[in-house]
Each structure stands twice: as C-alpha cells, then as structure tokens.
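Written out below as structure tokens is the structure these notes cover.
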Amino acid sequence: MPRFFIDYEDGDQSLRDDEGEEYPSLEAARNAAIAALPDVGREAPPRDGKRTFVAHVRDEWGTQLCTISLNLDATCHPERQRSNN
C-alpha cells in the first residue's frame, strides 16, 4: 500500500507529517485530510473570526498531490440586533 503524508497549516502554524500513513489510494488519503480539518478548526476562534486551515497530501517522494482548504469566516451584524426594550 502506498504511504502518504498529510501536512497541516493554520496561519503561521504548520505541522509537517514526517511519519506518513499507508492508504489504499490517493482518494483515501485525501478523505482522511478532509475528515481531520474540522477537528483542527475547533481550536480557540480568532478575534477577527477569520481563519483558513490547509492540508497538503504528499507522496513518499515529497510531491504534493492534493491541497484541501477549510475557510472560517464568522461575521456578526450588530446593526441587525433587535432591542429588548
């Protein structure tokens, strides 16, 4: 089975996968990266409510085969808030 490596980025933070994992296909490795991104997004929210999480799937030779992004964009509209008076 081929070995794939999934690296993660969160703004200035990055986590490089030096061990990798065997997956039956590139699609399986891609799906694993997709499944992991929401867990990464559960960290403390940023002040501005915006964040992009990225996963890169590489093969054993370091070739980047997939890029998966999860964008967080939380915008409040205080002008729409109803008054309780």
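All of the numbers you see were taken from the coordinates with simple rules; none came from a lab. Nothing here was measured: the structure is a model prediction, and the numbers come from that model. Here the Cβ is made from the backbone with ideal geometry for all residues, glycine too, and neighbour counts use every protein chain on show.
Numbers at a glance
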| quantity | calculated |
| --- | --- |
| Scan of the stretch 29-85 for residues that are among the acidic types (Asp, Glu), touching a strand residue (DSSP E or B) at 6+ places or on another chain (Cβ under 8 Å) and part of a loop (DSSP other than H, G, I, E, B), ordered by number | GLU43, ASP59, GLU60 |
| Tally, over the stretch 21-57, of residues that are in contact with a helix residue (DSSP H, G or I) (Cβ under 9 Å, 6 or more places away or on another chain) and surrounded by 15 or more Cβ atoms within 10 Å (Cβ to Cβ) | 6 |
